[in-house]
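See structure below.
The values are calculated or read from the model by the stated rules, or taken from the named source; none is laboratory data. Quantities reported herein were computed from a predicted structural model and do not represent experimental measurements. Virtual Cβ from ideal backbone geometry, glycine too; neighbours counted across all protein chains shown. The area values use the complete protein model at the heavy-atom level, side chains included, leaving out ligands, DNA and RNA. Shrake-Rupley method; radii C 1.70, N 1.55, O 1.52, S 1.80 Å.
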Amino acid sequence: MARSRSVTKKEAKTADAPLTTKVANGTPYQLDPAQVERAAKALVSHMKKHVEEKDEQAAVKNLADDEDEAEDNDQPIFLSVSTKKHVSNTNRLKPTKIRLPHSIIPTDVRICIFTKDPQRAYKDLVASDAFPVTLREKVVRVLGVEKLKKRYKSFEQKRALLAEFDLFMVDDRVINIVAEFLGKTFYQSKAKRPIPIRLTAGAYIDKTAKKASKEPQNVVGTPQGVAKEIEAALTSTYLSMSASANTSIRIGTLSMTPQQLTENTSAVVTEVISKHIEQGWRNIRSLHLKGPATKALPIWLADELWTDEAQVLDQPYHGKSLGAGKSTERKRKWEDWEEEMLDDEEFAAKKAKRDAKKAQTSQKKSISKEKRKALKDAALSSVQTPLIAS
């Protein structure tokens with residue numbers, strides 16, 4: 001039976017309960033909210049203690065350094081998902097929006113939206129009276145693709161744009177164009193990667209005309225529809241799975257309570273496992289909570305390491321030996337090809353060396369047989385009385 005592992009000795013008492021997949025009733029494939037909350041408490045306690053120690057060490061620094069440290073105080077908390085098999089369905093490897101009970105984005109966030117041209121249509125949409133005032137205060141800038149490419153060509157300009165805003169959103173019709181232009185400046189990390197939203201929300205789209213046209217339609221959504229899209233983006237986290245057996249999803253921040261982290265974790269686990277993991281819970285190996293630079297605390301561990309009972313053998317596997325497969329045949333063909341490339345003298349020298357090695361091996365075997373017979377005869381002659389009475 002595995003047990004929860006705390007970060008420090010002081011917090012060990014909070015994580016003494018057993019961590020197991022077995023439950024009294026129902027399916028064993030479910031989270032234990034109490035275990036998730038214990039792990040969240042231990043992780044938050046450790047991370048806050050670490051922040052306090054950093055603040056004490058930074059007390060002697062100048063004001064600019066202190067401001068930089070303050071920005072990192074509300075650190076993100078991640079859910080780490082490990083699967084038994086690699087995720088191989090490429091249709092599900094695109095970023096996916098997952099709604100959270102508690103938002104992980106601050107209320108005073110400054111937003112920049114990259115839109116399809118012409119940008120004026122979307123500026124007027126945000127400035128309209130029908131657009132919520134609270135959201136209008138957060139959307140500081142609306143930037144079209146054409147103006148983005150003209151004003152932010154250099155690496156330094158892109159870095160300045162990245163530092164100017166807290167959050168970036170992008171029209172899903174031009175996400176590939178924007179990603180290619182901004183490059184690794186924005187997409188090297190997931191911290192400020194632009195969030196895709198539908199700026200056509202609420203508008204009528206002629207599906208027949210859309211299929212006939214290869215270019216995206218110049219459709220502008222309604223203020224209410226676009227506002228709902230932005231609000232959904234502000235209360236969601238995004239899953240970007242790679243073709244591997246491990247992935248991390250941001251589920252909270254250090255300023256949240258353990259109860260809020262527990263509820264967010266449950267919502268993400270339910271969404272990810274049911275819709276984005278092939279074979280669901282059977283393919284989950286472990287679930288952990290962790291900070292950016294902390295150890296991972298387990299909240300769920302699988303009892304078995306296989307996804308199908310047919311993968312478990314009743315008897316030991318008796319397959320071909322390593323030397324009896326295709327590798328031996330490939331090695332022999334390679335040696336034959338090498339000999340064909342040699343000239344007559346080199347081939348004769350190599351053949352003589354190989355024959356001498358075989359003769360030496362054969363001689364060793366024959367000598368060992370002769371020695372064995374001599375030892376046997378010597379042992380028999382040393383016996384003075386006959387072994388069998390006449």
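Residue-by-condition table, conditions (1) at pLDDT below 90; (2) of a type in the set (A, V, I, L, M); (3) assigned to a strand (DSSP E or B):
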| site | (1), (2), (3) |
| --- | --- |
| 205 | yes, yes, no |
| 210 | yes, no, no |
| 215 | yes, no, no |
| 229 | no, no, no |
Can you pull out the residues in segment 110-162 that are aromatic (Phe, Trp, Tyr), open to solvent by 20 Å² or more (accessible area, probe 1.4 Å) and more than 18 Å from residue 174 (Cα to Cα)? 155
Condition first: open to solvent by 70 Å² or more (accessible area, probe 1.4 Å) and either at pLDDT 75 or above or in contact with a helix residue (DSSP H, G or I) (Cβ under 7 Å, 6 or more places away or on another chain) (or both). Can you find one or more residues in segment 378-390 that meet it? no
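Surrounded by 10 or more Cβ atoms within 10 Å (Cβ to Cβ), in a loop (DSSP other than H, G, I, E, B) and modelled with pLDDT of 70 or more: does that describe residue 295? Walk me through it before giving the result.
Numbers: surrounded by 10 or more Cβ atoms within 10 Å (Cβ to Cβ): yes; in a loop (DSSP other than H, G, I, E, B): yes; modelled with pLDDT of 70 or more: yes.
In short, yes.
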On the basis of being out of contact with any Cys (no Cβ under 7 Å at 6 or more places or on another chain) and exposed (fewer than 15 other Cβ atoms within 10 Å of the Cβ), does residue 99 make the cut? yes
Looking only at residues in segment 301-350 that are under 30 Å from residue 283 (Cβ atoms) and of a type in the set (Gly, Ala, Ser), which one is modelled with the highest pLDDT? 302
Being touching a residue at least 40 places away in the same chain (Cβ under 8 Å) and within 30 Å of residue 265 (Cα to Cα) is the filter here, so list the residues in segment 100-131 that pass it. 100, 101, 102, 103, 104, 105, 106, 109, 110, 111, 112, 113
Result of the Cβ filter at 8 Å on segment 352-365, keeping first residues that are among the charged types (D, E, K, R) and modelled with pLDDT under 75 and partners that are surrounded by 10 or more Cβ atoms within 10 Å (Cβ to Cβ) and part of a helix (DSSP H, G or I), at least 6 apart or interchain, is none
